[in-house]
Amino acid sequence: MRLTFHKPSAAFALVALMCVAAARLAASDPGKGDWPMWGGTPDRNQVSNMKNVPTEWDVKTKKNIKWVAELGSQSYGNPVVAGGMVFVGTNNELMRDPKQGGDRGVLMAFRESDGQFLWQQTHPKLEAGRANDWPFQGVASSPLVEGEILYYVSNRGVVLALDIQGFRDNENDGPFKDEKLTGQNDADVIWSFDMIEEVGSYPHNLSNSSPVVTGDLIFLSTSNGQDESHVHIPSPRAPSIIALNKSTGKLVWEDNSVEERILHGQWSTPSVGTIGGVLQVVSAQGDGWVRGYEAQTGKKLWEFDTNPKDSVWPRTRNELIATPVIYQDVVYIANGQDPEHGEGVGHMYAIDGTKRGDITKTGLVWHFDKIRRSISTAAVADGLVYVSDFSGYLHCLDAKTGQEYWNHDLLAAVWGSPFLIDGKVYLGDEDGDIVVMAHGKEKKQLAEMNMGSAVYGTIVPANGVLFINNRSQLFAIANTTK
Ligand SMILES: [Ca+2]
Ligand SMILES: [Ca+2]
């Protein structure tokens, strides 16, 4: 096992209509042009309302390629865009600073307008080695930016809050002020929270959680899991999910409902949304169950088993690596396994998060079992759900019934997630191809482009531009030719 780590979603007229429209659209699009977290908004729905995005480009001739920035040799995180900058995780194989050599996790910041490198934060690998921090995988967390502060998880299992201006504002923001490197290309740490030291997490192979925010709290998966024997769970008392105060970095609540039942690792990332009138954090955990919590208190509200009772790990029982998507009181998620485990049977669910207790039966809206193992997050809109699987199929399902309208075989493994924007669905694969399909019940392929190397991530839209990374480069794609 390894390499699973990122997986790893307007208008104005009368005042009344405006309010309705704003409330409806706010659910899945940040609305201001930036894309400040994985999925754009806390519900993680892979949908954007942005218009006039390119459907065709060419990385060789540079048609519709606004700029290209160089990354390390493996890049599993997804970019986020905020404050005129693009942030993305990678490894240190493009060593930008000889003082920070060797294998490290790296978070890089680029200028959004032209891709110029601004600053980076690097993290040496954990001394424990590959059990907790697999070589050359880099930073696999997709950051969260709120205002001037960026949050992410390093390869060392540390949650960090950074000043997005770094030291370019000539100010060392604190409480943390002990940075050894304080140049224009270095990162300014505000606070950090070590999940290994503070809550006893034993991350299996890599920490990868992408933070999500509501109010004063940010939520993270700990990635706590098995050791290299794939039998022992060294830290069965460590939580699966934690809530930190975003200003102080202090632990507010934690939950461990999984204990010694972790099948492997815990690489899903939490989502936040209002379900049945209650603000909930939804977390997909290492025993293959999805759980909903009251966001402010951590009170567990419901739990749902995504595996048939007669399934057997690892042949037919799956873990959860995809991110849960919250849409109109329903949680959409598929289960699957670490890509290193290969292909196998999968399950996709729509779960009614207004129910309470063990809702495996009572909360089942529908179950789609024609999907293979999946680490992809869903896109939900206009009564349709798009979800892909590791075997390379993109499925278009009815959001209310789970009925399949069509599927498309990308002919290569899919790690990333389908992204719906401007009436089109974009999806990348391990061969580096990005397919563009028409949004709708009728199957129609619009385009396919190759990015030059494997695409593990998902299309990210911001301010009229599409961002996507392959293994070693970050592309900004826009209609530059008329
Ligand atoms: Ca600063
Ligand atoms: Ca600082």
query: What does the charge add up to near LYS125, with Lys and Arg as +1, Asp and Glu as -1, over the other residues with Cβ less than 11 Å from its Cβ?
result: 0
query: When the accessible area of region 322-381 is computed with all protein chains present and a 1.4 Å probe, what percentage of it is carbon and sulfur?
result: 49
task: State, in angstrom, two size descriptors of region 324-449 derived from its alpha carbons: Rg to one decimal place and Dmax to the nearest whole number.
output: 14.1, 46
- line: Over the chain, the sum of -39500 (n - 2.57) across DSSP H runs of at least four, divided by residue number and rounded to 500 deg cm²/dmol, gives at 222 nm -1000 deg cm²/dmol
message: Which lysines, if any, have their Cα less than 16 Å from the Cα of LYS309, not counting same-chain residues under 8 positions apart?
response: LYS361
field: Surrounding net charge for GLY115, when Lys and Arg each add one and Asp and Glu each subtract one, Cβ distance under 12 Å
entry: -1
task: Using a 1.4 Å probe over the heavy atoms of the protein chains, calculate the carbon and sulfur portion of the accessible area of region 410-459 as a whole percent.
output: 42
message: Please report the equivalent ellipsoid semi-axes of region 103-146, computed as sqrt(5 x eigenvalue) of the Cα gyration tensor, largest first, in whole Å.
response: 25, 11, 8
task: Measure off, as a whole percent, the carbon and sulfur share of the 1.4 Å-probe accessible area of region 113-171, all protein chains present.
output: 49
query: Which order, highest average first, do 149-157, 179-187, 116-124, 421-429 follow once you tally other Cβ atoms within 10 Å for each residue and take the mean per peptide?
result: 149-157, 421-429, 116-124, 179-187
- request: Taking 7 Å along the Cα-to-C-beta vector as the label spot, tell me the GLU70-MET95 distance in nanometres, rounded to one decimal.
  value: 1.4
- request: Please tell me which of these pairs span more than 22 angstrom C-alpha to C-alpha: LYS370/LYS441; LYS51/LYS444; LYS370/LYS400; LYS32/LYS443; LYS63/LYS441?
  value: LYS32/LYS443; LYS63/LYS441
- prompt: For region 372-430, with only Lys/Arg (+1) and Asp/Glu (-1) charged at the beta-carbon, what is the dipole magnitude about the Cα centre, in debye rounded to 20?
  reply: 140
Simple Cβ-charge dipole of region 295-366, Lys/Arg +1 and Asp/Glu -1, about Cα centre, in debye nearest 20: 340
- prompt: Any idea what the dipole of the chain comes to, in debye rounded to 20, about its Cα centre with Lys/Arg Cβ at +1 and Asp/Glu Cβ at -1?
  reply: 820
- prompt: How compact and how long is the chain, expressed as Rg and Dmax of its alpha-carbon atoms in Å?
  reply: 20.5, 63
- line: Probe 1.4 Å, heavy atoms of protein chains only: per residue, the accessible area of the chain in Å² is 36
- prompt: Between GLY288, SER257, TRP134, whose Cα lies farthest towards the positive end of the dipole of the chain when Lys and Arg beta carbons carry +1 and Asp and Glu beta carbons carry -1, centred on the Cα centre?
  reply: GLY288
field: Highest average packing first - 345-352, 271-278, Cβ atoms within 10 Å
entry: 345-352, 271-278
task: Report, in whole Å, the centroid distance computed from the Cα atoms of region 249-281 and region 442-468.
output: 30
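The values are calculated or read from the model by the stated rules, or taken from the named source; none is laboratory data. The structure presented is a predicted model; accordingly, all values stated were derived computationally and were not measured. Virtual Cβ from ideal backbone geometry, glycine too; neighbours counted across all protein chains shown. SASA here: full protein model, heavy atoms, side chains in, ligands and nucleic acids out. Shrake-Rupley method; radii C 1.70, N 1.55, O 1.52, S 1.80 Å.
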